[in-house]
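The numbers here are math on the coordinates, done by the rules we state, and not lab data. If you're wondering where the values come from, they're calculated on a predicted model, not measured in any experiment. For neighbour counting, all protein chains shown are included, and Cβ atoms are generated from backbone atoms with ideal geometry for every residue, glycine included.
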Amino acid sequence: MAILEIVRIRRGKFRRPGWFAFLARCFGLLIAGLMVLIIWEVGRAAWLSIHTFGFSFFTSSRWDPVHDVFGALPFIYGTLASSLLALIIAVPLSLGIAIFLSEMAPPWLKDPVSFIVEILAAIPSVVYGLWGIFVLAPWLRDGVEDWLGNALGFLPFFQGPRSGIGLLTAGIILAIMILPTITAISREVLVAVPQSQREAMLALGGTRWETIVRVVLPYGRVGIFGAVMLGLGRAVGETMAVTMVIGNQPKISLSLFSPAYTMPSVIVNEFSEAVTQLHLSALMEIGLILFAITLLLNIVALLLVRRIGTVPVQGGRM
Amino acid sequence: MLHGMKVRDLNAWYNDNHVLKNINLHLMGGKITALIGPSGCGKSTFIRCLNRMHEVIRGGRVRGEVWLEGENIYGRRVDAVMIRRRIGMVFQKPNPFPTMSILENAVSGVCLHESLNTNGLAERAEEALRQAALWEEVKYRLDDPAVSLSGGQQQRLCIARALAVKPEVLLMDEPCSALDPASTLRIEELMAELKKTYTVIIVTHNMQQAARVADHTAFVYQGEVVEDGPTSEIFTAPKDPRTEGYITGRFG
């Protein structure tokens with residue numbers, strides 16, 4: 001009897017501060033609620049545009065505020081093209097730095113290099129934009145684009161007038177901006193690869209390079225993929241720096257030299273001067289699409305990660 | 001006659017910590033030599049010096065000579081990678097490559113050194129898996145991930161992986177310490193089989209295991225080889241009081 005009493009009191013004691021649990025639960029739900037609210041509000045504002053243009057909003061390239069006709073294809077294209085270009089540039093570089101930092105660098109060099117890479121993430125995006133306009137763009141226009149055009153001009157990607165303002169510049173700026181994200185996460189992934197895995201390959205007579213390529217990278221592939229997806233997410237949503245260097249012209253061209261327009265850029269450029277309801281609504285719909293794309297990216301990433309991430313914990317059964 | 005190894009004046013350090021002191025030892029070809037001693041005595045460091053794995057660790061340093069068939073593996077022009085190919089190693093914890101299948105694991109070392117076609121690789125894998133006494137258990141599931149095997153099977157897969165490279169010497173660093181008794185027994189049986197084809201050197205903290213499997217035993221204590229000889233002599237008539245103290249369980 002007495003023991004039961006004690007148990008009851010103790011239980012009560014541990015259960016009573018339900019206030020904390022309640023508050024924590026509320027905050028947790030708040031996040032989900034906010035998300036739903038955002039989708040709801042943006043969706044409502046975009047409804048007029050969705051209703052007016054239907055599916056042609058995705059397939060039409062005509063963005064004409066004067067005649068109140070809107071199609072978002074050039075912005076979708078610009079966003080995907082610049083982000084993809086950024087990935088093509090940033091992934092090999094980031095992986096290279098991550099491999100150097102985790103597998104090769106002498107201890108005294110690791111911290112300074114990591115620090116410099118991480119500092120890149122601290123630079124405000126508008127500063128990247130300024131640097132892009134005044135340093136990178138002229139440099140690309142007067143040197144790199146000429147060289148690319150002459151050497152690889154037979155490809156559609158490197159044709160057309162060279163202005164230094166356009167997809168290539170945006171892609172490079174984005175690549176620099178997502179480099180720290182991909183590098184830092186990949187490095188952590190590689191550092192977490194057990195030493196016993198490296199030793200196994202070395203003991204079989206593998207060189208350091210073979211060990212990295214055949215053991216370390218495959219072991220960390222899921223995490224590296226996650227890092228790349230995070231970088232892509234950042235590139236897709238990046239606004240300021242891209243707006244400053246991409247040229248802001250809603251046209252679709254395969255050439256990396258030609259100006260383009262991205263979804264965040266058109267929103268930030270036009271929302272203050274959108275006079276008609278339909279224009280504002282079209283911008284809202286672009287916002288909705290942008291949100292949907294990032295969501296889709298993350299879902300696809302998760303599914304893929306789950307598919308290739310079938311590495312069970314080692315030595316689980318004896 | 002299988003090649004043995006001769007260790008001459010071997011010293012090893014971790015940073016400033018002098019862990020192996022002037023080791024001289026003859027490891028006989030075609031025999032199993034066990035290295036026994038209390039934890040931290042340097043036996044694991046010693047076995048890692050035999051295929052130049054000690055220097056892989058940051059702060060690991062080695063001085064001295066280790067001879068394999070008339071070649072000093074610490075010689076000036078010797079490539080550590082080639083040495084490790086000739087001297088295979090099995091580690092304390094099973095460490096198969098989790099991203100590879102059983103088959104891919106078995107040939108993961110072979111792929112580095114020889115350009116065999118698919119058939120050649122499959123044959124080599126079967127040969128190695130048979131030698132490691134794993135073939136019967138995995139022959140219908142070669143494409144399964146290696147980590148789907150039990151711990152004991154994983155360790156035998158690691159042995160197969162090392163054997164597939166066709167080394168001359170097989171080093172085993174406490175290969176059974178993470179395994180249950182049944183798996184331990186299988187691997188001990190396997191060792192008796194392996195010494196027909198390989199020179200086997202095993203580190204063990206388990207004296208019974210040394211007594212069961214080894215032809216020769218060396219007692220390592222505080223970074224030195226105190227005594228070595230035929231296993232029966234070490235265990236029945238040790239010459240050094242420290243050896244006697246250890247095997248009778250007075251310390252360690």
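Between B:G151, B:G30, B:G70, the GNM of chain B built on Cα springs shorter than 10 angstrom shows B:G70 fluctuating the most.
If you take the square roots of the eigenvalues of the alpha-carbon gyration tensor of segment B:104-200 and sort them as a ≥ b ≥ c, do you get rounded (a/c under 1.5), prolate (a/b over b/c) or oblate?
The shape class here is oblate.
Per-residue Karplus couplings for segment A:208-216, computed as 6.51 cos²θ - 1.76 cosθ + 1.60 with θ equal to phi - 60°, are listed in order as 4, 5, 4, 4, 5, 6, 8, 10, 5 Hz, Gly and Pro entered as x.
Near the amide H of A:W63, within less than 5 Å, lie the amide hydrogens of A:G71, all on another chain or at least 5 residues away, with H placed in the peptide plane.
What ranking do A:D142, B:D215 get, fewest neighbouring Cβ atoms within 10 angstrom at the top? Could you put the intermediate results ahead of the total?
On the way: A:D142 11, B:D215 15.
By the 10 Å Cβ count, ascending: A:D142, B:D215.
Here's the picture: charge each Lys and Arg Cβ at +1 and each Asp and Glu Cβ at -1 in segment A:53-308, and of A:I286, A:A151, A:I212 the one pushed furthest to the positive end of that dipole is A:I212.
Taken about its Cα centre, chain A carries a charge dipole of about 1760 debye when Lys and Arg each add +1 at the Cβ and Asp and Glu each add -1 at the Cβ.
Given a cut-off of 21 Å, name the pairs among B:K93/B:K139; B:K196/B:K239; B:K6/B:K195; B:K31/B:K166; B:K166/B:K196 whose C-alpha atoms lie farther apart than that in the structure shown.
Checking Cα-Cα distances, B:K93/B:K139; B:K196/B:K239 exceed 21 Å.
Restriction of the chymotrypsin sites (Phe, Trp or Tyr not before Pro) in segment A:145-198 to DSSP coil positions whose beta-carbon has at most 14 other beta-carbons within 10 angstrom yields A:F154.
Once backbone amide H atoms are built at 1.01 Å from N, B:V19 has B:A12, B:W13, B:Y14 as its partners under 5 Å, excluding neighbours fewer than 5 places away on the same chain.
Highest GNM mean-square fluctuation among A:S272, A:S114, A:S253, for chain A modelled with Cα contacts below 10 Å: A:S272.
Summarising the label geometry, the points placed 7 Å from Cα in the beta-carbon direction at A:R44 and B:E244 lie 9.4 nm from one another. Taking a point 7 Å out from the Cα of A:Q277 in the direction of its Cβ, the residues of segment A:19-54 whose backbone N falls within less than 17 Å of it are A:42-54.
Mind running the shape call on chain A? Use the C-alpha gyration tensor, a ≥ b ≥ c as the square roots of the eigenvalues: rounded below 1.5 for a/c, prolate if a/b tops b/c, oblate otherwise. Intermediate values should be presented prior to the final figure.
Details: a/c = 2.38, a/b = 1.20, b/c = 1.98.
Here chain A falls in the oblate category.
Between B:G60 and B:N15, the built amide H atoms are under 5 Å apart, and every one of these is 5 or more places off in sequence or on another chain. Note that segment A:270-287 has calculated 3J(HN,Hα) couplings of 10, 5, 7, 10, 6, 8, 8, 4, 5, 4, 4, 5, 5, 5, 4, 5, 4, x Hz, one per residue in order, obtained from phi through the Karplus relation 6.51 cos²θ - 1.76 cosθ + 1.60 (θ = phi - 60°); glycine and proline are x.
Phi angles of segment A:95-101 translate, via the Karplus equation with coefficients 6.51, -1.76, 1.60 and θ = phi - 60°, into HN-Hα couplings of 4, x, 5, 4, 5, 4, 5 Hz per residue; Gly and Pro are given as x.
Given B:V200, B:L10, B:F219, which one lies farthest toward the positive end of the charge dipole of chain B, if we put +1 on the Cβ of every Lys and Arg and -1 on the Cβ of every Asp and Glu? Comparing the listed Cα positions along the dipole, B:L10 ranks first. For the modelled label position 7 Å from the Cα of A:I299 along Cα-to-Cβ, which residues of segment A:24-59 have backbone nitrogen atoms closer than 19 Å? Residues passing the 19 Å test: A:32-44, A:55, A:58. Only helices enter this figure: runs of n ≥ 4 DSSP H residues, each worth -39500 (n - 2.57), summed and divided by the residues of chain B, yield -9500 deg cm²/dmol at 222 nm to the nearest 500.
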